[in-house]
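Asks: Have a look at the structure that comes next, please.
The values are calculated or read from the model by the stated rules, or taken from the named source; none is laboratory data. All of these numbers come straight from a predicted model, not from anything done at the bench. We place every Cβ from the backbone using ideal geometry, glycine too, and count neighbours over all the protein chains shown. Quick note on the areas: whole protein, heavy atoms, side chains included, nothing else; ligands and nucleic acids left out. Shrake-Rupley method; radii C 1.70, N 1.55, O 1.52, S 1.80 Å.
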Amino acid sequence: MDNQTFIREMFSEFYNKNIDRVEIPKSIESREFGFTLFKESTMIRHKGFMRAEDLKEFIKKIVPSNVYYSSAYYSMPEAKMDEKGWLGSDLFFDIDADHIPTECNKQHDMWICRVCGLKGRGVPPTICPRCGNLGFDEKGNIIGYRQETWPCEICLETTRMETIKLIDILTSDLGFSISEIRCAFSGHRGYHVQIEIDEVLKLDSMARKEIIDYVTGTGIDARFHGLEEISHSGARILVGPGLHDFGWRGRIARGTYEFLLKATAKDLRGLGLRKEVVENLLANRDMILESWKASGPWNMIKGLGLRGWEKIVQRGIQFQSAKVDTVVTVDIHRLIRLPGTLHGKTGLLKISFPASEIETFDPLKEAVAFKGGEARVYVEESPEFRIGEEVFGPFKEQTVNLPISAAVFLACKDAGKVISYNV
Ligand SMILES: [Zn+2]
Ligand SMILES: [Zn+2]
């Protein structure tokens, strides 16, 4: 049996038994839907549904490998793109491990040259070192390699922490209430954050870009956030933001605190700071951290002036910014994965939940779609992975018995071959 047939059978069974888990978006009649199938490579787009039942029947009938819907509302969702009549769009953020360089990527992410089959780990090279095949197109999209990426615990925890930062900025600084924010685990390696209130619907791409710049801390000049040189009793002294200040002032202070707490001599030298200044910073670390209780360390380090602090602050901003995929938020015609449907690369569900639950959310537990059943699988190669409470692997060229959920996961990853199964 080929993997595709197995996965499709499992997906079909899931949708037949659990079609009511599919979440129906607000104003379904104004949304565009898109589907990918198992056999054909083209996407079915520009579909519209007047009623929830029609969408559910359609999913059961075609058994898609992925289901998407538009974050936008249209007067005619089935029309051609420029004739749909855009009415507005939810405010949508995507946080994905693909865009966040984690150390573990090197261990579990593999690229395979489409021409010669050479394999390697981590970020793929510009051209294949064996056959010279071009790796990327001019936009930076990977074209020369097939990629195998894995949702590991570190990647998932990293994206969860970024999501927490984003929610904090949206609520503390931008005035959204936590109850207006909906979160979702994407079913693969990240999270989605969505706001559907009337106030955001009409925002154009430029306005959304400004929100992105704010949450990512792009273009922040610390001198406009309280870091400055002033005259004090005839002397020039430095002042700067405090830990409890509002908005980016406080974030700059907290990020700087965080950076200086962990910074090594190498990190500080990397900023272009002089050797004596670096030694001064490291020798006085305890005093610096203590100083935040009062007016901060801005004036404490001999030889460290406005210029030097600006460099340190930029690193602090990186700690505090939320690493969202900027392209997704700005695109007001974006198709996004429908919550309650299966992800074709994992067999896990996209699961939505209130933003207030992000602190305790466990994606690999909540997103498990298949319960019960067992399969015999030949695994070519797989790193360790967890589904629910159980940890599997690592496997290499071996035949193992696995629960259906783990077998679907490996089959979706194309990391093995299902020999037999019973559900
Ligand atoms: Zn090659
Ligand atoms: Zn990882």
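Asks: What's the total number of residues in the stretch 96-121 that are more than 16 Å from ligand 1 (Cβ to nearest atom) and not in a helix (DSSP H, G or I)?
Replies: Qualifying residue count, the stretch 96-121: 7.
For (1) buried (at least 21 other Cβ atoms within 10 Å of the Cβ); (2) over 19 Å from the mean Cα position of the chain (by Cα), each residue gets a yes or a no:
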residue: D325; (1), (2): no, no
residue: P339; (1), (2): yes, no
residue: G344; (1), (2): no, no
residue: F353; (1), (2): no, no
residue: V377; (1), (2): yes, yes
residue: I387; (1), (2): yes, yes
residue: N401; (1), (2): no, yes
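Asks: Then there is this: Within the stretch 260-269, is there a residue that is open to solvent by 50 Å² or more (accessible area, probe 1.4 Å), out of contact with any strand residue (DSSP E or B) (no Cβ under 7 Å at 6 or more places or on another chain), modelled with pLDDT of 95 or more and under 21 Å from S172 (Cβ atoms)?
Replies: no
Asks: Right, next: Looking at the stretch 305-332 only, could you name the residues that are modelled with pLDDT under 95 and part of a loop (DSSP other than H, G, I, E, B)?
Replies: Hits for the stretch 305-332 are G305, D325.
Asks: Hey, another quick one. Restricting attention to strands (runs of 3 or more DSSP E) lying wholly within the stretch 36-83, give those where 1 or more residues are in contact with a Leu (Cβ under 9 Å, 6 or more places away or on another chain), assigned by TED's automatic domain parsing to the domain that holds R208 and among the aromatic types (F, W, Y).
Replies: Passing ranges, in order: 66-70, 72-74.
Asks: I would also like to ask the following. Quick check: is even one residue across the stretch 166-174 more than 21 Å from P25 (Cα to Cα), among the polar types (S, T, N, Q) and within 16 Å of ligand 2 (Cβ to nearest atom)?
Replies: no
Asks: Please give the number of the condition D245 fails out of (1) more than 17 Å from V313 (Cβ to Cβ); (2) outside the structural domain of A72 (by TED's automatic domain parsing).
Replies: D245 satisfies all of (1) more than 17 Å from V313 (Cβ to Cβ); (2) outside the structural domain of A72 (by TED's automatic domain parsing) except (1).
Asks: Would you point out the residue of the stretch 166-191, among those that are open to solvent by 50 Å² or more (accessible area, probe 1.4 Å) and outside any strand (DSSP E or B), that is farthest from P151 (Cα to Cα)?
Replies: So, considering only residues that are open to solvent by 50 Å² or more (accessible area, probe 1.4 Å) and outside any strand (DSSP E or B), the one farthest from P151 (Cα to Cα) is G175.
Asks: I would also like to ask the following. For the stretch 141-148, check the following and say yes or no: at least one residue is out of contact with any Asp or Glu (no Cβ under 9 Å at 6 or more places or on another chain) and either within 16 Å of ligand 2 (Cβ to nearest atom) or open to solvent by 10 Å² or more (accessible area, probe 1.4 Å) (or both).
Replies: Yes, some residue in the stretch 141-148 is out of contact with any Asp or Glu (no Cβ under 9 Å at 6 or more places or on another chain) and either within 16 Å of ligand 2 (Cβ to nearest atom) or open to solvent by 10 Å² or more (accessible area, probe 1.4 Å) (or both).
Asks: Which one is farthest from H188 (Cα to Cα) among residues in the stretch 105-123 that are within 16 Å of ligand 2 (Cβ to nearest atom) and crowded, with 16+ Cβ neighbours inside 10 Å?
Replies: Per the criteria, the residue is W111.
Asks: In the list Y214, Y257, which residue meets the criterion of being at pLDDT 95 or above, in contact with an Asp or Glu (Cβ under 8 Å, 6 or more places away or on another chain) and open to solvent by 20 Å² or more (accessible area, probe 1.4 Å)?
Replies: Y214
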